[in-house]
Each structure stands twice: as C-alpha cells, then as structure tokens.
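Engineer: What follows is a single structure, and I will ask about it in a moment.
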Amino acid sequence: MISARALHYVFKIGNRAKNAHFFREILGMKVLRHEEFTQGCDAACNGPYDNRWSKTMIGYGPESSHFVIELTYNYGVKEYELGNDFGGVTIKSTDVIKRAKEANYPLTKANNGQSLLVSPDGYKFFVINESHGSGEDPVKSVILNITDLERSVNYWHNTLQMKQISKNDRLAELTYKENGFVLILQKLEGALNRAKAYGRIAFAVPFDMQPKIDETIKKTGDTILTPLISLDTPGKATVRVIILADPDGHEICFVDEEGFTQLSQVDPVSDGELDKYIQKDPFQDK
C-alpha cells in the first residue's frame, strides 16, 4: 500500500514579477522558499531546458502541512504555449475574492458557479467563496484533464493506490488522505494537448517506498520518465525522486519524505530573495 502525501503542482511561468503580484497580492499566498539554479535539472524539473532557472515555492502555509505551488522560471523564456491538460486549482476563501475586487483583477463566474481567476500565464483558479477553518489548507484540489476516465482511474486508483472518493461519467475524485487534498480527473470531449506549459504534480513517500513504486510501474508496463535519481539543491538537502507519467502524459513525482522534510523548511528570507532576483533579471521588464 502506498502511503503518500500530496505536496505541490508545478507551473512554468514567463514573468516572475507579474506572478509574484498575482500569487502574493491576489491569492494571498506566501513565499516559502526560493532557489536559483545555474543549469537544467537532471529530472527535467524545469522542463526540457538546460539553462539557468529558478524555483519558487508559494502557498498558504508550510510545505509540511499544505499543498503549495511551485513556480518554475527559465531565464530568457517569456511565455509558454498553454495546452488543455490542466483543469485548475480549487481554493476555499472569502479573502481571495475580496482582494481581487479591491485590485480590479479580472474575476468571472465559471460553469460550476465558482469564481474564476486566471493567472498571468493562463492557469485557472476556482474560488469557493467560503471561509476555511483555522489550520485548514485553503487549497482543496487540482483538476487534471484526461481522455479516458476508466483508464485514468485504473492507473491512479489501482496502480498508484489513491483512494477513490467519487466517480461519475465525467469525473473522478481521488485522495491519499481522508479529508485532505483531492485530485480530480476530468474527462475531455476531444483530444488532449499538453503543449509547452505542461506541469507536474508531486507527492512525498517514505524512502523505502520508492523502489516498490519503481517495481510496480515496471510490472504494469506504464511510463517511467526518470528512474530513481538523487537531486541536489545548493546549500540544502539532497532528495531522491522517481518521475512517472500517467496514460495521458501527466507527470508525477514521488520524492522521499525524509529528504524532502529537510529540503522544504520555510526560508524566512525567500520573499526578499525572489524580489532581488526579479530586479536583477536582465530578460524581463519589471
């Protein structure tokens, strides 16, 4: 049985200044850590780019207890072609809507009746206009669009052992933790296009669980994008990861909980570090 914890979703972004404003001032998230890298990641963490890049973890609380967002910025890349693979993030908050209205940030109604905000790079955020409880993570779910619901549920539920909460002919809800973060698989009517902006969802598992996941995927014949590999972060902990792809190509990272717990400590200077590197960036207007 896989014992896992949902960690974050990765977005590639084209302008850090605009995204810093959106995630901090509109969504009300806090910068938890910021890391700069001089070359591409061995596990393609920044996509298929072998260049200088940065990673900014941002959310409503520590990565040890909250599902957060990873903002990946490749120096010199100002925009990415957006596909239809990512459905959106659901947030429960009354403050987000209030901030958006005060800042005159575009706010519309989605088909599901929730308020809809779109990030500077086109990523959707659905807002449930309700207060969240004390200590409750406002981030409730991530929606991934898929082409074959039965096939996807079989992969995420049977192979990756997520618990199925609900399912109808259009979508399924799954989780690794009761009353915790929910992954929503939503069926597309047409073809799926991951384009250039495709992301990645990450989960933490015990160190000794990763080889078992590797063995399982090899037995099922599903896709392993990056076999077990250790990744270094300058001045911080080393983590071991295995990167998979589901039947529609959605990337899935399983990182070891022990290493990630050390790596993901909140860095109190990270907010200022992000601003410093935005100001120093020669590739973008501020």
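The values are calculated or read from the model by the stated rules, or taken from the named source; none is laboratory data. Note that this is a predicted model, so its numbers are computed, not measured. Cβ atoms come from the backbone with ideal geometry, glycine included; neighbour counts cover every protein chain shown. Ligands, DNA and RNA are excluded from the accessible area calculation, which covers all protein heavy atoms including side chains. Shrake-Rupley method; radii C 1.70, N 1.55, O 1.52, S 1.80 Å.
Engineer: Over 26 Å apart: what share of the alpha carbon pairs of the stretch 1-156 falls there, rounded to a whole percent? Walk me through the intermediate numbers first.
Structural biologist: Values: 3601 of 12090 pairs.
Pairs farther apart than 26 Å: 30 percent.
Engineer: Can you give the three extents of the C-alpha atoms in the stretch 75-196 along their principal axes, from longest to shortest, in whole Å?
Structural biologist: Extents along the principal axes, in whole Å: 45, 40, 31.
Engineer: Just flag the GluC sites (Glu not before Pro) in the stretch 98-159 sitting in loop per DSSP whose Cβ has no more than 14 other Cβ atoms within 10 Å.
Structural biologist: Numbers: sites: 102, 130, 136, 150; in loops: 130, 136.
Hits after loop and neighbour filter: 130, 136.
Engineer: For every other residue with a beta carbon closer than 14 angstrom to the beta carbon of residue 26, add +1 if it is Lys or Arg and -1 if Asp or Glu, then tell me the sum.
Structural biologist: Numbers: positive: 18, 24, 30, 98, 99, 101, 124; negative: 25, 95, 102, 121.
Charge balance near residue 26 sits at +3.
Engineer: Between beta-carbons, use under 13 Å as the cut-off and find the net charge around residue 192, counting Lys and Arg +1, Asp and Glu -1. Working shown, then result.
Structural biologist: Values: positive: 151, 187, 194; negative: 85, 148, 189, 246, 248.
Net charge in that neighbourhood comes out at -2.
Engineer: Right, here's the next one. Within the stretch 164-200, report the chymotrypsin sites (Phe, Trp or Tyr not before Pro) that DSSP leaves as loop and that have at most 10 other Cβ atoms within 10 Å.
Structural biologist: Values: sites: 176, 181, 198; in loops: 176, 181, 198.
Listed in order of number, the matching sites amount to none.
Engineer: Given the Cα-Cα distance of residue 236 and residue 188 and 0.36 nm per residue of separation, how much length would full extension add, in nm? Let's see the in-between values first.
Structural biologist: Details: separation 48, 0.36 × 48 = 17.28 nm, distance 4.04 nm.
Value of the extension gain: 13.2 nm.
Engineer: Something else: Mind giving me the nanometre distance, one decimal, between the label points for residue 228 and residue 79, set 7 Å out from Cα along Cα→Cβ?
Structural biologist: Result for the modelled spin labels: 4.4 nm.
Engineer: Using a Förster distance of 35 angstrom, determine the FRET efficiency expected from the C-beta separation of residue 36 and residue 169, and round it to 0.05.
Structural biologist: Working: r = 46 Å, r/R0 = 1.31.
Computed FRET efficiency for residue 36 and residue 169: 0.15.
Engineer: If you don't mind, there's one more thing I want to ask. Rounded, prolate or oblate for the stretch 1-70? Axes are the square roots of the Cα gyration tensor eigenvalues, ordered a ≥ b ≥ c, and the cut-off for rounded is a/c under 1.5.
Structural biologist: oblate
Engineer: Please list, ordered by chain and number, the residues whose modelled amide H lies under 5 Å from the amide H of residue 87; skip anything fewer than 5 residues away on the same chain.
Structural biologist: Result for residue 87 returns 143, 144, 145.
Engineer: Can you give the Rg to Rh ratio for the stretch 1-41, taking only C-alpha atoms and Rh from Kirkwood? It would help to have the intermediate numbers written out before the result.
Structural biologist: Details: Rg = 13.9 Å, Rh = 13.0 Å.
With Rg and the Kirkwood Rh in hand, the quotient comes to 1.07.
Engineer: Now for a separate question. Could you list which residues have their amide H under 5 Å from that of residue 40, counting only those 5 or more apart in sequence or on another chain, with H placed in the peptide plane?
Structural biologist: Long-range HN contacts for residue 40: 51.
Engineer: In Å², what does the accessible area per residue of the stretch 124-176 work out to with a 1.4 Å probe?
Structural biologist: Numbers: 2450 Å² over 53 residues.
On a per-residue basis, the stretch 124-176 sits at 46 Å².
Engineer: How much net charge surrounds residue 258 when only other residues with a Cβ under 10 Å from its Cβ are counted (Lys, Arg +1; Asp, Glu -1)?
Structural biologist: Details: positive: 240; negative: 208, 256, 257.
Neighbour charge sum, excluding residue 258 itself: -2.
Engineer: Once you order the gyration tensor axes a ≥ b ≥ c over the Cα atoms, which shape class does the stretch 87-154 get: rounded for a/c under 1.5, otherwise prolate or oblate by comparing a/b with b/c?
Structural biologist: It comes out oblate by the Cα gyration axes.
Engineer: Test of the criteria: in the stretch 14-90, which trypsin sites (Lys or Arg not before Pro) are in a DSSP loop and have at most 15 other Cβ atoms within 10 angstrom of their Cβ?
Structural biologist: Sparse-neighbourhood loop trypsin sites (Lys or Arg not before Pro): 78.
Engineer: Further question: Quick one: work out the % antiparallel among DSSP beta bridges in the stretch 37-184, nearest 5.
Structural biologist: Numbers: 24 of 31 bridges.
Antiparallel: roughly 75 percent of the beta bridges in the stretch 37-184.
Engineer: Also, quick follow-up: Please work out whether the chain counts as rounded, prolate or oblate from its C-alpha gyration tensor, where a ≥ b ≥ c are the square roots of the eigenvalues and a/c under 1.5 means rounded, while otherwise a/b larger than b/c means prolate and anything else oblate? Display every interim value, and only then the final one.
Structural biologist: Details: a/c = 1.45, a/b = 1.11, b/c = 1.30.
Rounded, because the longest to shortest axis ratio a/c is under 1.5.
Engineer: In the stretch 51-173, carbon and sulfur make up what percent of the accessible area (probe 1.4 Å)?
Structural biologist: Details: 2450 of 5490 Å².
Answer for the stretch 51-173: carbon and sulfur cover 45 percent of the accessible area.
Engineer: Separate question: Tell me, in nm to one decimal, what length is gained between residue 258 and residue 212 on full extension, where the rule is 0.36 nm per residue of separation less the Cα-Cα distance? The partial results should precede the final answer.
Structural biologist: On the way: separation 46, 0.36 × 46 = 16.56 nm, distance 1.63 nm.
Taking residue 258 through residue 212 to full extension adds about 14.9 nm, to one decimal.
Engineer: Taking the stretch 125-251 as the region of interest, what is the percent of Cα-Cα pairs per 5 angstrom bin, listed from the shortest bin to the one with the maximum distance?
Structural biologist: With a bin width of 5 Å, the distribution comes to 2, 8, 17, 20, 19, 17, 10, 5, 1, 0.
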